[in-house]
1. Which residues of the stretch A:38-67 bury at least 10 Å² of accessible area once all protein chains are present, versus their chain alone (1.4 Å probe)?
2. Applying 1/(1 + (r/R0)^6) with R0 = 35 Å to the Cβ-Cβ distance of B:HIS76 and A:ARG110, what FRET efficiency is obtained, to the nearest 0.05?
3. How much net charge surrounds B:LYS5 when only other residues with a Cβ under 9 Å from its Cβ are counted (Lys, Arg +1; Asp, Glu -1)?
4. Kindly tabulate the residues in the stretch A:75-114 with an accessible-area decrease of at least 50 Å² between the chain alone and the assembly of all protein chains, using a probe of 1.4 Å.
5. If I model a spin label as a point 7 Å beyond the Cα along the Cα-Cβ vector, how far apart are those points for A:ASP73 and A:ASP56 in nm?
6. Would you mind getting the accessible area per residue of the protein assembly as shown, heavy atoms of the protein chains only, 1.4 Å probe, in Å²?
7. Starting from the amide H of B:TYR32, placed 1.01 Å from N in the peptide plane, find each other amide H under 5 Å away whose residue is 5 or more places distant or on another chain.
8. Of all accessible surface on the stretch A:4-113 at a 1.4 Å probe, what whole percent is carbon and sulfur?
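The values are calculated or read from the model by the stated rules, or taken from the named source; none is laboratory data. Since the structure is predicted, the reported quantities are computational estimates derived from the model, not experimental observations. Using ideal geometry, Cβ is built from the backbone for each residue, glycine included, and neighbour counts are taken over all protein chains shown. We work out accessible area using only protein heavy atoms, side chains counted, and drop any ligands, DNA or RNA first. Shrake-Rupley method; radii C 1.70, N 1.55, O 1.52, S 1.80 Å.
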Amino acid sequence: DAGITQSPRHKVTETGTPVTLRCHQTENHRYMYWYRQDPGHGLRLIHYSYGVKDTDKGEVSDGYSVSRSKTEDFLLTLESATSSQTSVYFCAISDRGQGSYEQYFGPGTRLTVT
Amino acid sequence: QQQVKQSPQSLIVQKGGISIINCAYENTAFDYFPWYQQFPGKGPALLIAIRPDVSEKKEGRFTISFNKSAKQFSLHIMDSQPGDSATYFCAASMIGSGGSNYKLTFGKGTLLTVNP
């Protein structure tokens, strides 16, 4: 398995509170992605990073921000959590330089906003 | 706008049967089409992938068929087994341009159940 960890694995929080999810990789891969998974919607890209301090928006970025200060860490922040952000969040990594286009996914974080 | 449409949403197959999942895409710039498999409580994992320069790719019991003119591709699972029961996602990306940063656009997924 690719060396990807996500923390926390489960979190329950209240509406309006800030939440930060962490993705940590030990593979030194350049690209990192945050997805959310919801029934009936599949996986949707929130934000992605193509290098340290280089990030961009995905298709469902409203209400989310990200930061990448080190190659190994990619943080996803919900500035003020809403019930619509209840979801399972997956981090993924990839590295074109390895000659593969595969994205390796982490184990996921289940977030519940009450 | 959903760029990758996947069907069916769910599929029940008997052990030993053939499972077929279909996807259609709209963006002709897509040039990489992977299938991911996800078991409950786990992250998705790459199963098999195809580039548009070939019409079919086979790996063991899993085959991707690709129709560039119809903008469709499908996953066939031969001799389906109960252990294949999982959610399957098709996806598409524009890897040739590089500027896409290899983002994946996913279909909504198909829940496959293989009965013993």
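1. A:GLY40, A:HIS41, A:GLY42, A:LEU43, A:LEU45, A:TYR48, A:TYR50, A:GLU59
2. Calculated transfer efficiency: 0.60.
3. Values: positive: B:LYS108; negative: B:GLU26.
Here the count lands on 0.
4. A:TYR101, A:GLU102, A:GLN103, A:PHE105
5. 2.5 nm
6. 47 Å²
7. Under 5 Å from the amide H of B:TYR32: B:SER93, B:ILE95.
8. 45 percent
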